[in-house]
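The values are calculated or read from the model by the stated rules, or taken from the named source; none is laboratory data. These figures come from a predicted structure and were not determined experimentally. Glycine also receives a Cβ, built like all others from the backbone with ideal geometry; neighbour counts cover every protein chain displayed. Note: accessible area is taken over every heavy atom of the protein model, side chains too, but ligands, DNA and RNA are not part of it. Shrake-Rupley method; radii C 1.70, N 1.55, O 1.52, S 1.80 Å.
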Amino acid sequence: MACNSCATGKDGQPRGCKNNGTCGTDSCNKLTVFDWLANMSLPNGQEPFKGVEVRFKNGRKQYYKNTENLTLSIGDIVATQAKSGHDVGMVTLTGELVRVQMKRKKIDIEDSENVLKIYRKASQKDIDIWSKSRDKEEPMKVKARQFAIDLNLKMKISDIEYQGDGSKATFYYTAEERVDFRELIKVFAREFRTRIEMRQVGFRQEAARLGGIGSCGRELCCSTWLTDFRSVSTSAARYQQLSLNPLKLAGQCGKLKCCLNYELDAYLDALKDFPKNDAKLYTEKGTAICQKTDIFKGLMWYAYEGEWMNWHVITAEQANEIISKNKKKEKVISLEEYAAEHVLDTKTEFENVVGQDSLTRFDNPKSKKKRKNNRNRNKNRNRNRNQRQNAKKN
């Protein structure tokens, strides 16, 4: 998604709003929610909902209570309550849609421990301190990773987030095993002169925070719109007849791609009409075993035992019919009777539909005979030209 000022120009190139993620419409940020209730007015006598959604670095969002009755809109920079000091973030959602979001996530606005307060709109001093703190994060991450390597800790520090007032730094890290980082915290506190908080995140949460481009060419789902991480198993790839290649099935987080679950239900519904792949077909000619299934066309390929090179294609309905007969201890004559009407013509011919030359025109070398004819033709042309010139001179 992108706001109007970030949209593509007439020449196809992105214009860019130069706001670095602080657009007034908040449409070019991570995990943006479209406020479809923004143009609807409240009934008479009903007070506006006091809950406000505030976004921090890398899509981290929290809900706050507007106890001061501030006039807030999407894109406002606000100073919010923290466990110690204050934090600075940007308003991403206000109004009744916040009530819906909080109800969906089972957050009670009266819970003072989880729903903190909004102090005020951020002043210029708050924004300056916040910007200076953000500028320190990248060089701090380089040093922090080096300290972890020096202490031989099996962990990866993926991101650092400063609190808005610069009083605390949160280090996000991933690790496969339990890590004793007590000595590391002492080194961080001595080097960076601030309060340190270590927070472990999963590999998928790390990819969601950092973002990136997936193999499909689009931004990662987890960093743009996906908020819940459901378990993904290799059976999802088997049902969709995908190659069990971990390099292709794994995302940037190293885990199975979340998109394997998107079309899984449609495949499971389609497979209800298919017999099991391990079901054998008993015929008078022999026993046939399934070799391949085409879910979209509803076809199945079978081969007789001992004749694995010869495949016979039949529909799923015909396979179920044969299996039902086999349960009654009846055998069909052969699969050829069913497969005769499903013979596929695999011969494809190149058709020059757009008037282009053949793509293989440079593959075959030119014949020597043609070269000789061209050479003789050029000699005759030169000889005739010389004769005409001599005739003019005489």
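Quick notes
- Any pair with Cβ under 7 angstrom, 6 or more apart, that starts in region 302-314 at a residue that is of a type in the set (Gly, Ala, Ser) and ends at one that is open to solvent by 80 Å² or more (accessible area, probe 1.4 Å): Ala303/Asn310; Ala303/Trp311
- Residue within region 43-55 that is under 33 Å from the mean Cα position of the chain (by Cα) and not in a strand (DSSP E or B) present: no
- Residue count for region 225-259 satisfying the condition of being in contact with a helix residue (DSSP H, G or I) (Cβ under 8 Å, 6 or more places away or on another chain) and closer than 21 Å to Leu210 by Cβ: 14.
- Here Ile77, Ile107, Ile149 are screened, and the one residue that is of a type in the set (Val, Ile, Thr), open to solvent by 20 Å² or more (accessible area, probe 1.4 Å), out of contact with any Lys or Arg (no Cβ under 8 Å at 6 or more places or on another chain) and under 30 Å from Pro43 (Cα atoms) is Ile107.
- Just one of the listed residues (Asp165, Asp159) is in a loop (DSSP other than H, G, I, E, B), within 24 Å of Asp87 (Cβ to Cβ) and open to solvent by less than 90 Å² (accessible area, probe 1.4 Å), namely Asp165.
- Test set (1) within 24 Å of the chain's Cα centre (by Cα); (2) in a loop (DSSP other than H, G, I, E, B) - Ala237 fails condition number: (2)
- Of the criteria (1) within 19 Å of Asp76 (Cα to Cα); (2) open to solvent by 70 Å² or more (accessible area, probe 1.4 Å); (3) among the hydrophobic types (A, V, I, L, M, F, W, C), which one Val142 fails: (1)
- Residue within region 26-33 that is at pLDDT 75 or above, within 26 Å of Glu161 (Cα to Cα) and part of a helix (DSSP H, G or I) present: no
- Selection count, region 88-104, where residues are assigned to a helix (DSSP H, G or I) and surrounded by fewer than 22 Cβ atoms within 10 Å (Cβ to Cβ): 8
- For first residues located in region 190-213 and on the phi > 0 side of the Ramachandran plot, partners that are at pLDDT below 90 and not in a loop (DSSP other than H, G, I, E, B) and lie 6+ apart or on another chain with Cβ distances below 6 Å form the pairs Gly211/Ser223.
To keep it simple, each residue is scored yes or no on (1) at pLDDT 90 or above; (2) in a loop (DSSP other than H, G, I, E, B).
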site: Leu244; (1), (2): no, yes
site: Leu247; (1), (2): no, no
site: Leu260; (1), (2): yes, no
site: Asp265; (1), (2): yes, no
site: Asp269; (1), (2): yes, no
site: Pro275; (1), (2): yes, yes
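- Condition check for Gly217: of a type in the set (Gly, Ala, Ser), part of a loop (DSSP other than H, G, I, E, B) and loosely packed, with under 15 Cβ neighbours inside 10 Å: yes
- Residue, nearest to the chain's Cα centre (by Cα), within region 59-71, restricted to residues that are open to solvent by 30 Å² or more (accessible area, probe 1.4 Å) and more than 19 Å from Leu31 (Cβ to Cβ): Lys65
- A search for C-beta distances below 6 Å between a residue of region 119-141 that is under 20 Å from Arg195 (Cα atoms) and any residue that is in a helix (DSSP H, G or I), counting only pairs 6+ apart in sequence or on different chains, returns nothing.
- Taking the listed residues Phe192, Phe188, the one that is surrounded by fewer than 19 Cβ atoms within 10 Å (Cβ to Cβ) and within 19 Å of Gly85 (Cβ to Cβ) is Phe192, with no other qualifying.
- Here Glu113 fulfils each of the conditions (1) open to solvent by 90 Å² or more (accessible area, probe 1.4 Å); (2) within 26 Å of the chain's Cα centre (by Cα) apart from (2).
- When Thr227 is tested against (1) open to solvent by 50 Å² or more (accessible area, probe 1.4 Å); (2) in a loop (DSSP other than H, G, I, E, B); (3) more than 30 Å from Gly59 (Cβ to Cβ), just one condition goes unmet, and that condition is (3).
- Of residues in region 248-294 being of a type in the set (Gly, Ala, Ser) and in contact (Cβ under 8 Å) with a residue 40 or more places away in the chain, the one nearest to Glu317 (Cα to Cα): Ala279
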